[in-house]
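Worksheet: the structure to be examined is printed underneath.
The values are calculated or read from the model by the stated rules, or taken from the named source; none is laboratory data. Since the structure is predicted, the reported quantities are computational estimates derived from the model, not experimental observations. Using ideal geometry, Cβ is built from the backbone for each residue, glycine included, and neighbour counts are taken over all protein chains shown.
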Amino acid sequence: MKIKQLNILLADDDTDDCIFFKKALDELLLSTHLTVMHDGEQLMQLLFNETIESPDVLFLDLNMPRKNGFECLSEIKLSKKLNQLPVIIFSTSLEQEVVNQLYQNGAQYFIRKPSAFSQFKKIIQHSLALIAKENISQPTREDFVITVQNSLIG
């Protein structure tokens, strides 16, 4: 059985976080292709480009220049072409009101960026395992936030 290569899109303006993400993917030894965008306008131009294949999953930072993650998520979920794209919000903040709004706006999962690389790697692995199941329906509100604790369970 051939394992499908995951086409991953990361939208994050923090260079260090992008390096961490790539390093985590490399260490997980998964078949992946990573594309990185550093601002929301570039991201949306790429996603609406008809000649480019849609990614399997988008990891989206909330605080980006030119167009933030909230605006990008809204555009994605309003688009017939993109509304089935699993969007995992990736942020340093964990404000309950923000998390609730993201859930209501159709994000697939929410990850608070951990500071320790080992935790970062476990959360990336767990979130990709969830996406690889090809279940694009949104989880229950209780399962929306991926933490180190629930990534160890799965």
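Table for the structure above
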read-out	value
Flag if residue 51 is of a type in the set (Ser, Thr, Tyr) and over 27 Å from residue 95 (Cβ atoms)	yes
Pairs where the first residue, in the stretch 22-49, is at negative phi and polar (S, T, N, Q) and the second is surrounded by fewer than 17 Cβ atoms within 10 Å (Cβ to Cβ) and assigned to a helix (DSSP H, G or I), C-beta under 8 Å, 6+ apart	35/46
Some residue of the stretch 86-107 being within 13 Å of the chain's Cα centre (by Cα), of a type in the set (Phe, Trp, Tyr), more than 17 Å from residue 6 (Cα to Cα) and surrounded by fewer than 21 Cβ atoms within 10 Å (Cβ to Cβ)	no
Leading residue by the ranking (nearest to residue 130 (Cα to Cα)) among those in the stretch 59-99 that are free of Cβ contacts under 8 Å to residues at least 40 places away in the same chain and small (Gly, Ala, Ser)	91
Options 91, 54: the member that is farther than 21 Å from residue 144 by Cβ and of a type in the set (Ser, Thr, Tyr)	54
Answer residue from the stretch 1-35, given it is part of a helix (DSSP H, G or I) and of a type in the set (Asp, Glu) and is surrounded by the most Cβ atoms within 10 Å (Cβ to Cβ) among those	17
Considering residues of the stretch 18-44 that are of a type outside the set (A, V, I, L, M) and at pLDDT below 90 only, the residue farthest from residue 113 (Cα to Cα)	31
Odd one out for residue 77 among (1) assigned to a helix (DSSP H, G or I); (2) at positive phi	(2)
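Yes/no per residue for (1) at pLDDT 90 or above; (2) more than 24 Å from residue 24 (Cβ to Cβ); (3) hydrophobic (A, V, I, L, M, F, W, C); (4) part of a loop (DSSP other than H, G, I, E, B):
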| site | (1), (2), (3), (4) |
| --- | --- |
| 46 | yes, no, yes, no |
| 53 | no, no, no, yes |
| 73 | yes, no, yes, no |
| 82 | yes, yes, yes, yes |
| 103 | yes, yes, no, no |
| 106 | yes, yes, no, yes |
| 122 | yes, no, no, no |
| 139 | no, no, no, yes |
